[in-house]
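Notes follow once the structure below has been shown.
The values are calculated or read from the model by the stated rules, or taken from the named source; none is laboratory data. Quick caveat: nothing in here was measured; it's all calculated off a predicted structure. Cβ sites come from the backbone with ideal geometry, for glycine too, and all protein chains shown count toward neighbours. The protein model used for the area step is the full one, side chains on, heavy atoms only, and it has no ligands, DNA or RNA in it. Shrake-Rupley method; radii C 1.70, N 1.55, O 1.52, S 1.80 Å.
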Amino acid sequence: MAEHTVTHSDRQALAVQVFGAGDRGYPSWPYGLNMDYSNAGADHPTSPWAVFQWPAYAKNDPEQQRKLADQEAAARDLILNWASPFELKASDSICCPRTLLKKQVHRCSYERGDCFFGRNWGEREAIFDHCIGWRRGRQPVAFTTDAYRSVGDMRAGAQRVLEAIGDPRLAIAVGTSWYPGRLPQVVFYRADLLPDLGPARPVEDVEPTFLRPVPPQR
């Protein structure tokens, strides 16, 4: 699938469509892509951060600052290039993979017992981090997780989730996320609605430096 080349202003406008707008109309970028390194020091910054601060190691190092800005811009383009062709929009109300079986976006409930994590907290700790729920129109269609785990642990954990939910409409794709650390990614998705949906990047792009073992199941 061909990628879209976007300018900074194009990226911001597209991000508002995908993630919605927060403070002063600024895109509500997900965690990990929200530091706005690529806009630091601009004459008219759009960042919601009142005082921008570089990490300590980059504070007085223009080369490190440029590197962080380039990495963030590339990660932002990656997530937009992944979501936009399928007309996906992020939704806080899609809180677990089971939510994808609903007919429209509606947050599940621990009290009613319909949230997958309510009875499977061990799996929540095992492979779910930096999660984003995705909708197309009002229909929940995907749920992504990018965790500090090995590819094998992510794949095995995702398969356990599928088996626990037990609905053939759900499928998984394993690859590498847009998260700057190049973490393994699992995409839970509705195969009957989006059969061509895959991960942001191929699994070979995973950077293993920060991966951690799965904690013991309680």
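This table checks each residue for (1) closer than 30 Å to Val161 by Cβ; (2) open to solvent by 50 Å² or more (accessible area, probe 1.4 Å); (3) part of a loop (DSSP other than H, G, I, E, B); (4) modelled with pLDDT under 85.
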{"residue": "Pro45", "(1), (2), (3), (4)": "no, yes, yes, yes"}
{"residue": "Val51", "(1), (2), (3), (4)": "no, yes, yes, yes"}
{"residue": "Gln65", "(1), (2), (3), (4)": "no, no, no, yes"}
{"residue": "Leu68", "(1), (2), (3), (4)": "no, no, no, no"}
{"residue": "Ala73", "(1), (2), (3), (4)": "no, no, no, no"}
{"residue": "Trp82", "(1), (2), (3), (4)": "yes, no, no, no"}
{"residue": "Gln104", "(1), (2), (3), (4)": "yes, yes, yes, yes"}
One residue is enough: does the stretch 155-176 have a residue meeting the conditions of a type in the set (Ser, Thr, Tyr) and not in a strand (DSSP E or B)? no
Taking the stated definitions as given, is Leu183 open to solvent by less than 30 Å² (accessible area, probe 1.4 Å) and at pLDDT below 95? yes
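Here's the yes/no breakdown for (1) open to solvent by 30 Å² or more (accessible area, probe 1.4 Å); (2) at pLDDT 90 or above; (3) closer than 24 Å to Ala75 by Cβ:
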site	(1), (2), (3)
Arg119	yes, no, no
Arg124	yes, no, no
Phe128	no, no, yes
Ile132	no, yes, yes
Arg155	yes, yes, yes
Ala158	no, yes, yes
Val161	no, yes, no
Ala171	no, yes, no
Thr176	no, yes, yes
Which of the residues that make up the stretch 186-197 are open to solvent by 20 Å² or more (accessible area, probe 1.4 Å) and either among the small types (Gly, Ala, Ser) or outside any loop (DSSP other than H, G, I, E, B) (or both)? Tyr189, Ala191
The condition from (1) within 22 Å of Ala191 (Cα to Cα); (2) open to solvent by less than 20 Å² (accessible area, probe 1.4 Å); (3) modelled with pLDDT of 80 or more that Glu87 misses is numbered (2)
When the stretch 1-43 is examined, which residues are found to be at pLDDT below 65, within 22 Å of the chain's Cα centre (by Cα) and not aliphatic (A, V, I, L, M)? Glu3, His4, Thr5
Working only within the stretch 198-218, note down all residues that are over 18 Å from Ala126 (Cβ atoms), part of a loop (DSSP other than H, G, I, E, B) and modelled with pLDDT under 85. Glu207
